[in-house]
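The values are calculated or read from the model by the stated rules, or taken from the named source; none is laboratory data. Model, not experiment: these values are computed from the prediction. Backbone-built Cβ (ideal geometry, glycine too); neighbour counts: all protein chains shown. Side chains included, ligands, DNA and RNA excluded: accessible areas come from the protein's heavy atoms. Shrake-Rupley method; radii C 1.70, N 1.55, O 1.52, S 1.80 Å.
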Amino acid sequence: MAEKPKIRRAIVSIEGMTCHACVNNIQDTVGSKDGIVKIVVSLEQKQGTVDYNSEKWNGESVAESIDDMGFDCKLITDQEIAAVEPQKASTTKLSISPLKTVDLSDGKVELQLNGVKYSKEGSSDHLEKCTFAVEGMTCASCVQYIERNISKIEGVHSIVVALIAAKAEVIYDGRVTSSDAIREHMTGELGYKATLLDSMGANPNYSKIRLIIGNLSTESDANRIESHVLSKSGIDSCNVSIATSMALVEFSPQVIGPRDIINVVESLGFTADLATRDDQMKRLDHSDDVKKWRNTFFIALIFGVPVMIIMIIFHWILRTPMHPDKQTPIFTPALSLDNFLLLCLCTPVQIFGGRYFYVASWKAIKHGNANMDVLIMLSTTIAYTYSIVVLLLAIIFKWPSSPMTFFDVPPMLIVFIALGRMLEHKAKGKTSEALSKLMSLQAKEATLVTMDSEGRLTSEKGINIELVQRNDLIKVVPGAKVPVDGVVVDGKSSVDESFITGESMPVVKKPGSTVIGGSVNQKGVLIVKATHVGNDSTLSQIVRLVEEAQTNRAPIQQLADKIAGYFVPFVIVLSLFTLGVWIYIEYNSARNANLPPGLRFEEALKIAFEAAITVLAIACPCSLGLATPTAVMVGTGVGAANGILIKGGEPLESVHKVTTIVFDKTGTITEGRPRVVQIASFVNPSTMSLKLITFLSGATEALSEHPIGNAVAAFAKQLLNEPTWPNTSRFHVSAGHGVTCRIDSIRQSFSSLALSGSTCEIPRLPDGQTITIPGTEVNLLQVSSKEVSQPNPDTANIVIGTERMMERHGIPVSEVVKMTLSEEQRKGHISVICAINAEVVAVISIADQVKKEASLAIYTLREMGLRVVLLTGDNSKTAESTAKQVGIDEVFAEVLPNQKQQKIKQLKGYKNKVAMVGDGVNDSPALAEANVGIAIAAGSDVAIESAGIVLVRNDLVDVVGAIKLSKMTTRRIRLNFLFAIIYNAIGIPIAAGVFRPFGFMLQPWMAAAAMALSSVSVVSSSLLLKNFRKPTIANLYTTSFKRHQKFLESGSFQVQVHRGLDDSAVFRGAASSKLSILSSKVGSLLGSTTSIVSSGSSKKQRLLDNVGSDLEDLIV
């Protein structure tokens, strides 16, 4: 038997982590390496615990691998695991509890069936998050009640309940309580049916699946399944429940997949099926609630219409309660025909139509809570009970006439309230349409295929999308949705990715191309290798972000929830007060002075009772509770549909307050990838053509890993149409200066390229002329046409690099070449010299191109009154050049990544509200520090944790769209609040009878209709946000912008450049910002060559003089 490799544990300190994205990056990168058994990184402790195979790693090499990722990592301890967990063998016994905790002096060790976890006491490593679907909530009082009671459970750290989304997110300590215990408390104790939707353990890199196990009968069966599943690599935990025949398995998708787990269970003789969670689409469209209230409405309507007819005939026309002689007695004078008919019609409505109100009210009252249902239940029950009691008293005591009853109140109230609830839930369903559409983009099934070594399909079968694993081969037929994110390995087609990129034209896909799950295949058949499955796919991340956003509560909503908590008790007290006041007023009124005391009291009670019930019926805390969440849901949904992911109410409410917007340069203002923009040739094209220069420089740089080398090689491939490179040797990299190599058999390789006829002809230029090279966007500048000593060589020594590199190799650099270099550097380009056989033949200029929409977006933001700042780590010359191109007049250059956060702090001073726009790569601390972080996602990377807003489509115009959407949504929230407050402030006094002396009063059914209308109106108001149209380049491209663009192209735009943490001009007030905008407008209109707010020319010259020629340092 082979000896098992020794597993050692290294504990390392890690400095430089800023958020959980860093943690995930380290865990994914290092954890995927061969020989790494397990890695757990703690952001709070700034430490990592790594279990590794001692035959392949040592403690120092583990620390170096993390250090190479850009973090400062040092080894603390390194020891064999056996020294830490001597009890490991005993933990595999089936009779023990799956989780044990042993106290140590420096923290805790959790011994699990499958390993050991370390954590400090009180560390967030034990915090877990679960999401429940919650049924039965009706208004903000329910939200507050659930949050208040669940937060009291020991181990629960926080809870957020979303009324519209009908969800609750709970963060809890997994050592103290569990998701099942929380669900039981919510369902059993609080009376709201809770269903677990999602549960995320302490390690976010693990996924969970639920399996329905068949043929499960005894506890030993459960233990057998657990032990076999846990024995597999990549399984973190497995719990099998006999009672529910369910298994919950937590696993690492990088190591094992759900199909593998099902195969393990089935190999033991049991059946295992994936337990899909409740149909979320159905929950989102509120179809069950709509159906429930539709049935209640029709029950109430069937009996309510006859009630209305009886009320009109007997009470309004004949006025039988006031004229006993017009009553039609039945059996006894105390029971009139109208009261008998009303009793028969009202009772079924009260029992069947009102049962939902009774159930909900009982749950609320049982736990000391009062909500909207309590008000409705009180108004209908009091009216019905009073009518029954007074009718029985009349019959028992043989009154001479039938008394005044309120049997008409329950049917009429329930008719209008049920109608209102039905319309409200229909409208709520429409608020989540955007999320439903996103979810509908996800494919339900995938076609799994296998291929032999020659690329032929050997098998294919349809499987559930949730069973797809990493590295699976998936077949996508024309017209089908791409099931998961992946890479094309075979086939060619075009794919519609408009839901992510916004690009209406299909994108061509061929082997090596990446595809996004949810996109639609157009023509050919594709074989795709799955790379991101389940929750890791782009579409799943977007859906999760939108769901979390709609659960996240806006600050303004917290005030509404507090008001709603006190609203219902206040209304009940006010109703009792109204009853007492009106009894006193009417009993002592001169109008009733001549009536007998009994009839006098009855008349007073009738009016007082009507007023009190009307107060209960008209009061509406729902409109207050719905004002914010409906607007947030529609706003975030509309944003997601337009490629703007807003992570909840807080960033949505904050963006419109921003006064200063800070842009990162690389990857944000610019494309983020260097490319060749110009080639300056110094030789006669007949002795050495541009194609040959490009061929040789491309062959040299194809061996380089530097971005500049990659840019040169990419241009050569584009111009020469993917050539076959010649033989190269003696390739050498001089760090920070350039590369050298020797190339042989040039003529043979180059002639085969010419024979293929795959390249276009480049016309010969006179000296000093420039053209755009056909088929590219690169300029060719023919500076001079000197003859070379070795035209069209077969062997060549190539040197590509800086002027200093040429000096090292003894290659003379003429004044013409130096002037060309200087001119290109002035433009902000990175330029390298290309020398062939010790002769300079060309200067290749590389630049990170400014995005085409950048200047338009910046101009629009400045027109909106915002101060725009460029914050970059690049040298001041490059930063100034970029700022001039896009129209930013304030630049902070040479700011190190760890200083960006400090610069944002400086800018936040003087009451500035700052938004930071970055690509999320090295901007995480700055994005988190800003009042609002806006991250531009690169393709499929939408889960940028440090940003409040993520722009999926990599379009700067979306920054303008996000601000406009925020303003529109915040305005709608305020209008909703205003309507809800005015409605209650005016409606309740009218219902209480304040205007009764002037002949203006409301019946209870009128109040119920008004109350139902108020909630529907608020939701409908929020739905108007669906009319939002995102700004586009077409509708922002105005005549004034054209003038501004010409002004920028003239080079007269003035820029203030500050270096490092220089804080001058940081604290700039609103007036100065407006003056800057005015300056830009004046300059655009008049073509002025000076700037009103520019610093003195001497200061500017000093600044530029101090910069020096530091572009060479970029060539690393």
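Please verify whether the stretch 276-297 includes one or more residues that are farther than 29 Å from V415 by Cβ, open to solvent by less than 60 Å² (accessible area, probe 1.4 Å) and either assigned to a helix (DSSP H, G or I) or at pLDDT 80 or above (or both).
yes
To keep it simple, each residue is scored yes or no on (1) assigned by the TED database to the domain that holds V290; (2) in a helix (DSSP H, G or I); (3) touching a residue at least 24 places away in the same chain (Cβ under 8 Å).
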| residue | (1), (2), (3) |
| --- | --- |
| W316 | yes, yes, no |
| P321 | yes, no, yes |
| L345 | yes, yes, yes |
| I365 | yes, yes, no |
| L378 | yes, yes, yes |
| Y384 | yes, yes, yes |
| P400 | yes, no, yes |
| F406 | yes, no, yes |
A careful count of residues in the stretch 649-679 that are in a strand (DSSP E or B), crowded, with 24+ Cβ neighbours inside 10 Å and not β-branched (V, I, T) gives 2
The condition of being at pLDDT 85 or above and of a type outside the set (D, E) holds, among S241, S231, S220, only for S231
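Give the residue, chosen from V677, V662, that is closer than 26 Å to I833 by Cα and of a type in the set (A, V, I, L, M).
Of the residues listed, the single one that is closer than 26 Å to I833 by Cα and of a type in the set (A, V, I, L, M) is V677.
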A842 passes all but one of the listed conditions (1) surrounded by 23 or more Cβ atoms within 10 Å (Cβ to Cβ); (2) closer than 30 Å to T1032 by Cα; the exception is number (2)
Within the stretch 850-866, restricting to residues that are touching a strand residue (DSSP E or B) at 6+ places or on another chain (Cβ under 6 Å) and within 30 Å of S831 (Cα to Cα), the one that is surrounded by the most Cβ atoms within 10 Å (Cβ to Cβ) is I858
Residue set E777, E761, E807, E824; condition open to solvent by 80 Å² or more (accessible area, probe 1.4 Å) and part of a helix (DSSP H, G or I); output residue E807
When restricted to V305, V374, V349, the only residue modelled with pLDDT under 80 and over 26 Å from W399 (Cα atoms) is V374
ask   = Are any of the residues in the stretch 514-529 open to solvent by 10 Å² or more (accessible area, probe 1.4 Å), farther than 30 Å from I618 by Cα, modelled with pLDDT of 70 or more and in contact with a helix residue (DSSP H, G or I) (Cβ under 7 Å, 6 or more places away or on another chain)?
value = yes
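Yes or no, residue by residue, for (1) within 57 Å of the chain's Cα centre (by Cα); (2) surrounded by 16 or more Cβ atoms within 10 Å (Cβ to Cβ):
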{"residue": "W582", "(1), (2)": "yes, yes"}
{"residue": "S589", "(1), (2)": "no, no"}
{"residue": "R600", "(1), (2)": "no, yes"}
{"residue": "A604", "(1), (2)": "no, yes"}
{"residue": "A612", "(1), (2)": "yes, yes"}
{"residue": "L616", "(1), (2)": "yes, yes"}
{"residue": "L624", "(1), (2)": "yes, yes"}
{"residue": "P629", "(1), (2)": "yes, yes"}
{"residue": "A640", "(1), (2)": "yes, yes"}
Counting only residues that are crowded, with 17+ Cβ neighbours inside 10 Å and not in a helix (DSSP H, G or I), the stretch 967-1002 contains a total of 4
Exactly one of T724, T728 is open to solvent by 40 Å² or more (accessible area, probe 1.4 Å), in contact with a Ser or Thr (Cβ under 8 Å, 6 or more places away or on another chain), in the same structural domain as Q769 (by the TED database) and in a loop (DSSP other than H, G, I, E, B), and that one is T724
Those residues of the stretch 883-901 which are at pLDDT 85 or above and open to solvent by 10 Å² or more (accessible area, probe 1.4 Å) amount to K884, Q885, D889
